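Remarks on the structure that follows.
The values are calculated or read from the model by the stated rules, or taken from the named source; none is laboratory data. The model shown is predicted, which means the values in this text are computed figures rather than measured ones. FYI the Cβ positions are ideal-geometry reconstructions off the backbone, even for glycines, and counts take in every protein chain you see. Just so you know, the surface numbers come from the protein's heavy atoms only, side chains and all, with ligands and any DNA or RNA stripped out. Shrake-Rupley method; radii C 1.70, N 1.55, O 1.52, S 1.80 Å.
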Amino acid sequence: MKALAGVLMNALREGDTVARLGGDEFIILLPEVDSVQDVATVAEKIVVAVREPIRLPKSDHETCVTVSVGISMFPEDGHTPESLMSRADVAMYHAKSVGKNAFRFFTTSQNLAVQQRLRLEFHLRQALARGELFLEYQPQIDIQSGRIVGFEALLRWANEELGLVAPLEFIPVAEETGVIIPIGAWVLHRACRQAGEWRRQGYFLKVAVNVSAWQIHHDGEFFNTLKQCLTESGIPGEALELEITESLMIQKTEATLGLLEQIRGLGIRFAMDDFGTGYSSLSYLKQLPLAVVKIDREFICHIIHDPNDAAIVAAILAMTQHLGLRVVAEGVETQEQVDFLREHGCQEVQGYYYGPPVSASDFAASWLNFMLSGKYAAEM
């Protein structure tokens, strides 16, 4: 923190003040400014200065840090130190949400967004204890036979006050607060338990579960949780598929890769979710112990009418075949899409053409007996 304080002081003007509030937070006072542009200029200098590697005192080592700057103005945003600091904090949170190494001025809309976010966080922290979380299941289909070969377990949240909250809204909050760790463990236990129940009924299906990079990086009990899930449910490791995204590689370390190899040692397979939407998916195919690639629905929905998307999907299928990876296409909605994917060698599909995510009871009633009988394949 001393080294960072020195960087901040060097970026400021004579007469400006910097003080550490505690932890990794600093407050800066700019008493002499003629315009908002002056403040923006200083904030930009701070962002640029902090972006450079910082040499640690009494050491040859360097470290890199990021900074998020929130700005409030007197008297527009408040007349007391407390109100100005509170609103600068709101603006800082907004700067973090749009990407670090940025600065933002306080606005009323930001304040409203933060209030809504805090409300969401408050309810989410209690969701597991209140029994508000539940899973839905979507079938995964062998494209050649038309038979169901597995299902993806999808997390849902219904709150009495907020209603049904979309995963895209609450999953990031769960990760930021660390609540994703107990929630993620609950999802794994529940999904494996359901797969075990169906296997005891004679339905030998694999289960796919989305796993947050936060769980792998920060949950020290993740490996033990997986072993416990397999033991309690009675399913073999080969029946469990963990879906991960490229964000896992942002903080890639030898420890992370070692953990993934340990997990693979249990027989559990990894699938890369949302393939093709990141900036360097191809390199990750070599770096991660993957067995499955899931093509994002963004490409599938246009393959019939967009030659570019059709070419991308065909190339992915050709490449993954050579690498010995299984491919699952998401978001399939039409027979034409099924025909295209089958023609180009895709192995599995899922999407609303076959069925939406449903509860465990509806899944069993609608899919298991009907599809495993082979009737579905015959009627296709």
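Listing for the model above:
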| item | result |
| --- | --- |
| Breaking point among (1) within 17 Å of F105 (Cα to Cα); (2) at pLDDT below 85; (3) surrounded by 12 or more Cβ atoms within 10 Å (Cβ to Cβ), for V67 | (2) |
| So M272, is it of a type in the set (A, V, I, L, M, F, W, C), buried (at least 17 other Cβ atoms within 10 Å of the Cβ) and modelled with pLDDT under 70 | no |
| Candidate set: region 157-181, residues that are touching a strand residue (DSSP E or B) at 6+ places or on another chain (Cβ under 7 Å) and in contact (Cβ under 8 Å) with a residue 24 or more places away in the chain; chosen: the one farthest from G345 (Cα to Cα) | N159 |
| Qualifying residue in region 74-89 (condition: surrounded by fewer than 16 Cβ atoms within 10 Å (Cβ to Cβ), of a type in the set (D, E, K, R) and in contact with a His (Cβ under 8 Å, 6 or more places away or on another chain)) | no |
| Where Q140 falls short, out of the listed (1) more than 30 Å from A195 (Cβ to Cβ); (2) out of contact with any Cys (no Cβ under 7 Å at 6 or more places or on another chain) | (1) |
| Selected residue (only one of D309, D273, D339, D362 is closer than 23 Å to L240 by Cα, of a type in the set (D, E) and outside any strand (DSSP E or B)) | D362 |
| Subset of region 190-215 (residues that are out of contact with any Phe, Trp or Tyr (no Cβ under 6 Å at 6 or more places or on another chain) and over 20 Å from V149 (Cα atoms)) | V211, S212, A213, W214 |
| Restricting region 156-213 to residues that are part of a loop (DSSP other than H, G, I, E, B) and over 30 Å from Q116 (Cα atoms), the residue that is most open to solvent (accessible area, probe 1.4 Å) | F204 |
| Within region 22-40, considering residues that are surrounded by 13 or more Cβ atoms within 10 Å (Cβ to Cβ) and modelled with pLDDT under 90, the one nearest to V65 (Cα to Cα) | A40 |
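Let's see how each residue does on (1) closer than 20 Å to K294 by Cα; (2) touching a residue at least 12 places away in the same chain (Cβ under 8 Å):
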site: Q194; (1), (2): no, yes
site: R200; (1), (2): no, yes
site: F204; (1), (2): no, yes
site: V209; (1), (2): yes, yes
site: A213; (1), (2): yes, yes
site: D219; (1), (2): no, yes
site: F223; (1), (2): no, yes
site: L226; (1), (2): no, yes
site: T231; (1), (2): no, no
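Residue by residue, here is whether (1) small (G, A, S); (2) assigned to a loop (DSSP other than H, G, I, E, B) holds:
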residue	(1), (2)
G15	yes, yes
I28	no, no
D34	no, yes
G70	yes, no
F74	no, yes
E82	no, no
K96	no, no
F103	no, no
Q115	no, no
